[in-house]
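A short write-up of the structure that comes next.
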Amino acid sequence: MKVVYHPRFGEVYESDPAAEVGRMEPIAKELAGFEFVRPDGANVDDVLLCHTPGHISYVQHYGSVFDMAMLAAGGAIRAAEIGYSGEGAFAAIRPPGHHASADSCWGFCFFNNIAIALAGLLEKSKIKSALVLDFDLHFGDGTANIFEAKPAVTYFHPEDGNRQAFVDHVVRFLGDHKADIIAVSAGFDRHIEDWGRLLTTDDYRTMGTVVKEFAVKNCKGRRFGVLEGGYNHAVLGKNVRAFVEGMA
Ligand SMILES: [Zn+2]
């Protein structure tokens with residue numbers, strides 16, 4: 001299991017909650033027991049697999065966001081490559097991506113990191129199918145939109161007001177599906193001490209374990225996760241660690 005991270009992700013590039021000062025350092029600290037890999041920024045060609053030239057130029061004119069968004073997309077690409085090798089990987093990156101559609105974005109997102117990473121594997125014919133588990137509090141409309149017309153990618157966003165039912169739903173869904181790789185939009189804003197006020201830290205560990213079991217059973221261990229939401233800095237690091245340990 002490798003952690004894809006760059007110290008630059010600690011820089012404040014915007015005034016939204018995902019870009020807040022002090023959000024990334026606790027994650028890096030909690031994950032210190034894992035091997036870290038530093039990503040390069042994505043290329044425009046990588047981003048063009050999922051976004052329009054107009055959207056790319058919109059982000060280019062958005063101050064210091066562009067470089068960070070390209071580095072985040074590059075982090076997801078790197079995690080997908082490691083994940084494809086059969087070793088798990090987690091990209092601790094920001095800005096998040098799952099609210100970025102081909103030609104628009106909102107919700108602290110600019111480029112759709114996980115979609116760009118999966119589109120790269122599909123384009124290189126490394127995989128024919130992928131499953132995206134998005135357990136963030138919010139529906140990843142960008143990811144759903146980008147893959148709407150592409151049956152190769154199945155997008156799943158569990159919703160339930162009861163924590164046991166939520167986790168059971170994830171277990172059942174993964175038990176019923178197969179794919180060449182599993183990718184996780186890992187948002188931690190549904191934690192009991194975050195905006196969603198539902199899941200425990202151990203629930204993230206359980207979901208990580210279920211993701212690993214799916215990968216071992218169906219796709220040679222191919223699995224990776226990317227950070228999406230999660231806004232309570234006091235608990236975000238330990239929640240990420242629980243998930244990554246489960247996935248390892
Ligand atoms: Zn969210």
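Which net charge results for the neighbourhood of His51, defined as the other residues with beta-carbon distances under 12 angstrom from its beta-carbon, given Lys and Arg at +1 and Asp and Glu at -1?
So the environment of His51 carries a net charge of -3.
Calculate how large, on average over all directions, the projected area of the Cα convex hull of the stretch 9-50 is; give the answer in nm² to one decimal.
Projected area, direction-averaged: 4.3 nm².
Given a Förster distance of 22 Å, report the FRET efficiency between Asn162 and Glu213 from their Cβ-Cβ distance, rounded to the nearest 0.05.
0.45
Count the DSSP beta bridges whose two residues both fall in the chain, then state the antiparallel fraction as a percent rounded to the nearest 5.
Here the antiparallel bridges make up roughly 5 percent for the chain.
How would the stretch 29-99 be classified by its alpha-carbon gyration tensor: rounded, prolate or oblate, with rounded meaning a/c under 1.5 and the a/b versus b/c comparison settling the rest?
The shape class here is prolate.
Filter the cross-link list Lys29/Lys124; Lys150/Lys238; Lys128/Lys238; Lys2/Lys126; Lys2/Lys124; Lys124/Lys238 down to pairs whose alpha-carbon distance in this structure exceeds 32 Å.
Lys29/Lys124; Lys150/Lys238; Lys128/Lys238; Lys124/Lys238
Among Ala91, Ala183, Ala18, whose mean-square fluctuation peaks in a Gaussian network model of the chain (Cα, cutoff 10 Å)?
Ala18
Quick query: amide H of Val153 versus all other amide H atoms, modeled in the peptide plane; which residues come in under 5 Å with a sequence gap of 5 or more or a different chain?
Ala130
Lys/Arg Cβ at +1, Asp/Glu Cβ at -1, dipole of the stretch 135-223 taken about the Cα centre: which of Asn162, Phe147, Val216 is farthest positive-ward?
Of the options given, the answer is Val216.
Starting at the first residue of the stretch 231-247, write each ³J(HN,Hα) from the Karplus equation 6.51 cos²θ - 1.76 cosθ + 1.60 with θ = phi - 60°, in whole Hz, x for Gly and Pro.
10, 8, 4, 6, 10, 4, x, 6, 5, 4, 4, 4, 5, 5, 5, x, 7
If you take the charge dipole of the stretch 1-133 about its Cα centre, with +1 on Lys and Arg Cβ and -1 on Asp and Glu Cβ, which of Met68, Cys109, Leu31 is farthest toward its positive end?
Leu31
Once every DSSP H run of n ≥ 4 in the chain is given -39500 (n - 2.57) and the sum is divided by its residues, what mean residue ellipticity at 222 nm do you get, rounded to the nearest 500 deg cm²/dmol?
That comes out to -12500 deg cm²/dmol.
Before I look further, what does the chain give for accessible area per residue, probe 1.4 Å, in whole square angstrom?
Each residue of the chain exposes 39 Å² on average to a 1.4 Å probe.
Excluding Ser64 itself, what net charge comes from residues whose Cβ is under 14 Å from its Cβ, given Lys and Arg +1 and Asp and Glu -1?
Net charge around Ser64: -2.
Within the stretch 125-152, find all residues whose amide N lies under 18 Å from a label point positioned 7 Å from the Cα of Tyr58 along Cα-to-beta-carbon.
Counting backbone N atoms under 18 Å from the label point, the list is 140-148.
For the stretch 84-197, what is the percent of antiparallel DSSP beta bridges, rounded to the nearest 5?
10
How large is the charge dipole for the chain, taken about the Cα centre, if only the Cβ atoms of Lys, Arg (+1) and Asp, Glu (-1) carry charge, to the nearest 20 debye?
800
Residues of the stretch 28-69 with backbone nitrogen within less than 14 Å of a virtual label 7 Å along the Cα-to-Cβ line of Arg8, please, listed as ranges.
The answer is 38-44, 64-69.
With a ≥ b ≥ c taken as the square roots of the eigenvalues of the C-alpha gyration tensor of the chain, please select rounded if a/c is under 1.5 and otherwise prolate if a/b is larger than b/c or oblate if it is not?
rounded
For the stretch 65-99 and the stretch 188-248, what is the centre-to-centre distance using only Cα atoms, to the nearest Å?
The stretch 65-99 and the stretch 188-248 have Cα centres separated by 16 Å.
Got a number for carbon plus sulfur as a percent of the chain's accessible area, 1.4 Å probe?
50
How high is the relative contact order of the chain, given as a whole-number percent (alpha carbon pairs under 8 Å, six or more residues apart)?
Reported relative contact order: 22 percent.
The values are calculated or read from the model by the stated rules, or taken from the named source; none is laboratory data. Here the structure is a predicted model, which is why all the values come from computation and not from measurement. For neighbour counting, all protein chains shown are included, and Cβ atoms are generated from backbone atoms with ideal geometry for every residue, glycine included. Only protein heavy atoms, including side chains, enter the accessible area calculation; ligands, DNA and RNA are left aside. Shrake-Rupley method; radii C 1.70, N 1.55, O 1.52, S 1.80 Å.
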